[in-house]
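Data first, discussion second: the structure below is written as structure tokens.
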Amino acid sequence: MDIENLSIAEAKKMGLGSFGHLGKTFASFMDKILIENYEDFIRQLYKDLDEVIQTLQLNRELRQKDSEDRITIDIVNILSAKGYTSSHDKKSGGHVDITVELRDFIWFGEAKKHEAYGNLLEGFKQLCTRYTTGEVNQNNGGLLIYVFNKDTASVMEEWKRRLAEQDLRNYTASDCPNRPLSFFSTHIHDVSGKNFAVRHMPVMLHFAPQDKSGLNRKS
């Protein structure tokens, strides 16, 4: 094969299966290069975020005493390793929990421990009325919800119900096809006057094993 004329798409395809984890990392960086517009950026970011969330959930027993910031910084660091320019507490109308940039594209995320639904609403308002403008190339954002109590599905359904009760212009909600526990909301952004989309993403961190070894470990 003529390496000099190898396309990025062909290189990505080669990298997927040839070198295990290294191949996947290579393919992930190729995905970033192939991004042509903001929609591509958001699609790839949410794919990567889902992988990050799944990684955090694997060892949730080790995160029971983690602070909100500790979890968020871990997410930021993993996204940086995946090829994004990611930061915690970057200034944009306030100190944003998660800022992700790639070329001219930008995404803001707010992170909250689920302790009360009012706390989630404050996070949503911070994201939509303080940090973002709803401008082109930044008209999507995310709310990451760290769920330490059980039954995440019920938490997310109740959060969706409460959000629908807010006075948001042209509000709609829809389930996320790639991760059923997540959902999207859209409404008219007060600053831009255009549609603004938020992806609401739970990070499931509840850990209460009932087997003997698990119970002994907790004591």
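The values are calculated or read from the model by the stated rules, or taken from the named source; none is laboratory data. Quick caveat: nothing in here was measured; it's all calculated off a predicted structure. Cβ coordinates were reconstructed from backbone atoms using ideal geometry, including for glycine residues, and neighbour counts include every protein chain displayed. Side chains are part of the model used for accessible areas, which takes the heavy atoms of the whole protein and leaves out ligands, DNA and RNA. Shrake-Rupley method; radii C 1.70, N 1.55, O 1.52, S 1.80 Å.
Select from the stretch 189-204 the residues that are open to solvent by less than 50 Å² (accessible area, probe 1.4 Å) and either assigned to a strand (DSSP E or B) or free of Cβ contacts under 8 Å to residues at least 60 places away in the same chain (or both) and list them in ascending order. Don't jump to the end; show me each part of the working.
Filtering the stretch 189-204 down to residues open to solvent by less than 50 Å² (accessible area, probe 1.4 Å) leaves 189, 192-193, 196-203.
Of everything in the stretch 189-204, those that are open to solvent by less than 50 Å² (accessible area, probe 1.4 Å) and either assigned to a strand (DSSP E or B) or free of Cβ contacts under 8 Å to residues at least 60 places away in the same chain (or both) turn out to be Ser192, Gly193, Phe196, Ala197, Val198, Arg199, His200, Met201, Pro202, Val203.
How many residues are of a type in the set (S, T, N, Q) and within 16 Å of Tyr46 (Cα to Cα) when one looks only at the stretch 62-87? Break it down stepwise before answering.
We begin by selecting, within the stretch 62-87, every residue of a type in the set (S, T, N, Q); these are 64, 67, 72, 77, 80, 85-87.
Remaining after also requiring within 16 Å of Tyr46 (Cα to Cα): 72, 77, 80, 85-86.
Number satisfying all stated conditions: 5.
Identify, from the list Asn170, Asn140, the residue that is touching a residue at least 60 places away in the same chain (Cβ under 8 Å), farther than 23 Å from Arg70 by Cα and not charged (D, E, K, R).
Answer to the selection: Asn140.
Check every one of the helices (runs of 4 or more DSSP H) wholly within the stretch 1-87 and list those with 3 or more residues that are modelled with pLDDT of 80 or more and open to solvent by 80 Å² or more (accessible area, probe 1.4 Å).
Output list reads 38-58.
Name the residues in the stretch 133-148 that are under 21 Å from Val52 (Cα atoms) and either in contact with a strand residue (DSSP E or B) (Cβ under 6 Å, 6 or more places away or on another chain) or modelled with pLDDT under 95 (or both), would you?
Within the stretch 133-148, the first condition is being under 21 Å from Val52 (Cα atoms), and the residues that meet it are 140-148.
Within the stretch 133-148, Asn140, Gly141, Gly142, Leu143, Leu144, Ile145, Tyr146, Val147 qualify.
When residues of the stretch 116-130 are filtered for being exposed (fewer than 13 other Cβ atoms within 10 Å of the Cβ) and hydrophobic (A, V, I, L, M, F, W, C), how many remain?
Residues meeting the conditions: 1.
Every residue in the stretch 152-188 that is in a strand (DSSP E or B), among the hydroxyl-bearing types (Ser, Thr, Tyr) and loosely packed, with under 15 Cβ neighbours inside 10 Å, please. Even if it seems obvious, please write down each step before you answer.
At the first step, the residues of the stretch 152-188 found to be in a strand (DSSP E or B) are 172-175, 183-188.
Remaining after also requiring among the hydroxyl-bearing types (Ser, Thr, Tyr): 172, 174, 185-186.
Result: Thr172, Ser174.
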